[in-house]
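Reading through the structure tokens given below for one structure.
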Amino acid sequence: MYYPYFRGKQYELLTIRECADLLKSASFIPIIEPVKEALSGLERALEAVSSAEGSAIVILNPSYGNHSDDGEAICGLFRDKFSTGEYITPGLLLSESISLAEIEEMLNRLEGRAVSLIHLGFGDASGLKVLVDKFPNIESHVFIEKHCGKLYQKKFKVGKKVLLRDGFTKRPNREYPPIEFFSDLHATFTEEGVSGFGDYLTVGDDYSDSGGPAYAVAIHLTFINADEEMHIHHFVSKTNDTPKDPAKKFAEALDKLILAVNTPNSGIVNTSAIIEFKELHAKGHFPGLGYVKKLSMKHHIETLMDYFK
């Protein structure tokens with residue numbers, strides 16, 4: 001049903017590890033695009049998913065990061081650790097730069113195990129349809145909405161179809177509005193003719209290897225209102241004229257979050273992530289910006305779990 005898309009940075013993989021049981025219980029399937037050279041964090045995340053008897057899709061040919069030119073290390077991890085394919089499904093990213101011949105070669109290598117195709121701007125829909133019809137092991141098609149029009153999507157009728165929409169608008173932290181619309185796809189995906197939906201959580205599709213200095217700290221928190229629309233709070237620190245003292249800025253942003261959470265009828269679900277934000281507030285503790293991002297993603301997952309409960 002829900003397919004959250006992770007880029008495989010440290011705290012994204014940690015989110016998957018910590019949410020493995022939750023993801024399994026809700027039948028949510030994370031998609032992971034490995035971007036870091038070291039694969040130990042990915043391996044631990046996949047082991048957690050497997051131990052929970054959940055499911056995940058791992059992209060073998062990432063478009064970003066250290067493996068974008070050569071995915072052999074990822075393929076090697078599959079062969080050595082996850083060869084049975086019981087819980088972890090390989091995914092192929094079909095961008096505009098890949099050829100039909102390359103797709104066919106990869107599908108031949110994966111013969112006999114379920115495969116997911118992630119459509120990211122591949123140009124020859126007709127040629128691709130002819131090719132994929134030869135491979136009954138293609139289990140699902142994930143369409144990245146901004147790269148796949150309706151006519152493209154209609155070409156593929158066999159297998160599960162998933163529509164992935166980016167609801168997060170990336171800005172410099174100090175420029176985020178207090179609140180904005182995020183998505184309604186969780187409530188409307190069946191009307192799109194698909195059996196599942198996805199997003200890039202509270203991180204967004206924009207990718208960078210490292211962030212610049214944070215002049216402001218922003219905590220992003222999604223909620224679903226009475227009309228079933230998902231909106232997102234951006235709790236931004238008051239101090240934003242210097243990159244110094246991120247702990248102080250986090251405390252300012254967290255004050256705003258706690259005020260919103262304690263407001264009657266806020267619509268914010270009291271998730272385990274919210275409970276942890278409250279504990280951090282009570283202790284006056286700054287856990288680091290990566291940890292804050294992890295809590296934000298965890299809250300997003302738990303909010304959707306509550307919606308479908």
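All of the numbers you see were taken from the coordinates with simple rules; none came from a lab. Since the model is a prediction, treat every value here as computed from it, not as a measurement. In this analysis, Cβ positions are derived from the backbone assuming ideal geometry, glycine residues included, and neighbour counts consider all displayed protein chains.
Numbers for the structure displayed
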read-out: Charge dipole magnitude, Cβ of K and R +1, D and E -1 - the chain, Cα centre, debye nearest 20; value: 400 debye
read-out: Span-like helix ranges in the chain, DSSP H, alpha carbon extent 18 angstrom or more, Kyte mean at least -0.5; value: 246-261, 289-308
read-out: Calculated [θ] (222 nm, deg cm²/dmol) that DSSP helices of n ≥ 4 give over the chain, each run adding -39,500 (n - 2.57); value: -11000 deg cm²/dmol
read-out: Euclidean distance between Cα centres, region 141-181 to region 96-114, Å; value: 24 Å
read-out: Cα-projected label distance for Ser95 with Glu43, points at 7 Å along beta-carbon direction, nm; value: 2.6 nm
read-out: Leading residue at positive end of dipole, region 32-109 (Cβ point charges), from Gly76, Tyr64, Leu107; value: Gly76
read-out: Where trypsin sites (Lys or Arg not before Pro) fall in DSSP loop in region 205-274, at most 16 other Cβ within 10 Å; value: Lys238, Lys244
read-out: Low-density loop positions, GluC sites (Glu not before Pro), region 105-162 - DSSP coil, at most 14 other Cβ in 10 Å; value: Glu111
read-out: Dipole of region 1-164, positive end: most advanced residue of Gln10, Leu42, Gly121 [Cβ charges, Cα centre]; value: Gly121
read-out: Karplus-derived HN-Hα couplings along region 226-237 (A = 6.51, B = -1.76, C = 1.60, θ = phi - 60°), whole Hz, x at Gly and Pro; value: 5, 8, 6, 7, 8, 10, 9, 7, 10, 8, 10, 4
read-out: At q = 0.10, 0.17, 0.20 Å⁻¹, base-10 log of I(q)/I(0) for region 158-309 (Debye sum, equal scatterers on each alpha carbon); value: -0.36, -0.99, -1.31
read-out: When each of Lys170/Lys293; Lys146/Lys293; Lys129/Lys154; Lys129/Lys160 is checked by Cα-Cα distance, pairs over 18 Å; value: Lys146/Lys293
read-out: Top positive-direction residue, dipole computed over the chain with Cβ charges, set Ile232, Ala251, Ala218; value: Ala251
read-out: Computed lengthening from Tyr64 to Ser195, 0.36 nm per intervening residue step minus Cα-Cα distance; value: 44.4 nm
read-out: GNM result for the chain, Cα springs below 10 Å: residue of Gly204, Gly123, Gly284 fluctuating most strongly; value: Gly284
read-out: For Lys161, residues with placed amide H under 5 Å, excluding near neighbours; value: His141, Ser195, Gly196
read-out: Electrostatic dipole magnitude of region 1-164 [Cβ: Lys, Arg +1; Asp, Glu -1; Cα centre; debye, to 20]; value: 640 debye
read-out: Point-to-point label distance, Ile179-Met1, nm (Cα→Cβ direction, 7 Å offset); value: 2.5 nm
read-out: Where labels lie 7 Å past Cα in the beta-carbon direction, separation of Ser208 and Ser126 in nm; value: 4.2 nm
read-out: Other-chain or far-sequence residues with amide H under 5 Å of Arg7's (modelled H); value: Glu33
